[in-house]
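Below is one structure, written out as structure tokens; the observations come after it.
Coordinate-derived values only; no laboratory data. This is a predicted model, so every value here is computed, not measured. Here the Cβ positions follow ideal geometry from the backbone for every residue, glycine too, while neighbour counts run over all protein chains shown.
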Amino acid sequence: MSQLDPQLIASMTEWRRHLHRYPECGFEVEQTADFIADKLASFGIEVVRNIGNTGLVGILRGGDGEASIGLRADMDALHIHEQNSFEHRSCHDGKMHACGHDGHSAMLLGAAAQLAESRDFNGTVYFIFQPDEEHGKGAQAMIDDGLFERFQIDAVYGLHNLPGLPEGTFTVRPGSLMASESSFEIEINGIGGHAAMPHMGVDPIVVGSQVVLALQTLVSRNLSAIHETAVVSATEFVTNGTVNVIPSQVVIKGDCRCFTEATLAKLEQRMEAIVAGICAAAGAQYRFEFINTFYPTVNSATETEQAIHAAQQVLGADNVNGSCDPFTISEDFSSMLRVKPGCYGLLGNGVDSVGGCALHNPNYDFNDRILPLGAAYWIQLVRNQLA
Ligand SMILES: [Zn+2]
Ligand SMILES: [Zn+2]
């Protein structure tokens, strides 16, 4: 279990509650980044600011080893009106740390403080604090700004709390841990007209209905029942018609989730083929847009073994599940895992009233009791990887 100094645990709790009180969203996390940069500097850690807009990296060297590791936390909050009444509730109306990124930042700061003091590792630790995880843009912005060119990072690791998973437990799996998230928009243009004389036009409602039904065959007839899991949901169907008018246009919107980039590419390609084929048969025109927001989160095998090993050392073997089921939620750490080997793991936030409330809920709060566990996991991972 954790052997962190009680004073450090008290400081982490204080930092976490400070961040919870002053949530910031998206890339606009200036005060949060200032707070984190000041803390890192006070531990004697070199800080590089403004990578990917408001992202920052702390650099800590121990010994003269060449090996390196990147540990990543997210800093952004959500546009939610907090309904908690405790003393550290949000002071920024309409913004709230409802996903626990305040806790993720505090845990990584705690690990940084401890490692800066002990320096009992051989190599370089990069503490990566990113903005805008919730919209899936922050990790890519840091990568585009040279995160992995400016810093020689061998592997990257991420950690998220999970309500409903008991406090003191850790869950992970090699390969696909979390799903992609994509949206699509299909605009079908026909020829509208009088509802009594449909033969005079091209009815986009009939065409659009065929498209919606045919989309159901993507999962059932284009993907392997064994190897390719996906969800395709049409969620909006909007026309410009009225009771006695056949519309000229239908817009269909929806959402896709899957677990590999190969499946993602196949979904996009087959979806457009369905739209093009049905519209061609009916004599309608179309516009098709497929927007990928989050890639699937895919853990590499070796780094996942390292994560499991470190978690077992800190939490006990019985409290670590190294082969959990995949999750249909998404995470933009996936963008970093497309560039570097690494592992994203989930730390139980608890099942009781303290940590059991769902993520993105107005009554959520990060469970401070897991701060030392997350920090100890980071420290153990560094000691193992940079031995
Ligand atoms: Zn979230
Ligand atoms: Zn989150």
In degrees, nearest ten, helix 261-282 long axis to first principal axis of the chain (Cα): 10 degrees
Value of Rg to Rh for the range 108-245 (Rh from inverse mean 1/r over Cα pairs, i.e. Kirkwood): 1.19
Ellipticity estimate at 222 nm from DSSP helix runs (n ≥ 4, -39,500 (n - 2.57)) divided over the chain, nearest 500: -10500 deg cm²/dmol
Value of relative contact order over the range 181-294, rounded to a whole percent, pairs C-alpha under 8 Å and six or more apart: 44 percent
Loop trypsin sites (Lys or Arg not before Pro), the range 1-105 (other Cβ atoms within 10 Å of the site Cβ: 16 or fewer; DSSP): ARG89
Expected-Rg normalisation [2.2 N^0.38 Å, Cα atoms] applied to the range 181-294: 1.13
Estimated FRET transfer efficiency (ALA196, THR217; beta-carbon r; R0 41 Å; 0.05): 0.80
Test item: Cα-centred dipole of the range 181-294, Lys/Arg +1 and Asp/Glu -1 on Cβ, debye: 240 debye
Residues whose placed amide H lies under 5 Å from that of PHE327, excluding near-sequence neighbours: MET178, ALA179
Values of log10 I(q)/I(0), in the order q = 0.20, 0.25 Å⁻¹, for the range 253-330 under a Debye, Cα-only, solvent-free model: -0.95, -1.17
Of ALA179, GLY70, PRO341, farthest towards positive along the dipole that unit charges on Lys, Arg, Asp, Glu beta carbons give the chain: ALA179
Antiparallel bridge percentage (DSSP; both residues within the chain; nearest 5): 70 percent
Count of lysine pairs in the chain with Cα separation under 23 Å (8 or more residues apart, or interchain): 4
Overall dimensions of the chain by Cα: Rg and Dmax, Å: 23.9, 83
GNM top mover of VAL202, VAL245, VAL298 - the chain, alpha-carbon springs below 10 Å: VAL245
Full-extension gain in nm, GLU236 to PHE290, via 0.36 nm per residue minus C-alpha separation: 18.0 nm
Most mobile listed residue (SER90, SER353, SER183) in the chain, GNM with C-alpha springs under 10 Å: SER353
Rounded to whole Hz, the Karplus (6.51, -1.76, 1.60) HN-Hα couplings of the range 214-230, x for glycine and proline: 5, 4, 5, 7, 4, 6, 7, 10, 10, 10, 5, 5, 8, 9, 10, 9, 7
Inter-probe distance in nm under a simple model that places probes 7 Å from Cα toward Cβ, at ALA67 and ALA280: 5.6 nm
If the convex hull is drawn through the Cα atoms of the range 1-134, its volume per residue in Å³: 111 Å³
Net charge over other residues, Cβ less than 13 angstrom from the Cβ of SER176 (K, R count +1; D, E count -1): -1
Exposed-site-free run, longest, the chain (rule: GluC sites (Glu not before Pro); DSSP loop; at most 12 other C-beta within 10 Å): 88-387
Crossing angle, helix 101-118 versus the chain [Cα axis fit, 0-90 degrees, rounded to tens]: 30 degrees
Percentage relative contact order, the range 283-365, counting C-alpha pairs under 8 Å, at least six apart: 34 percent
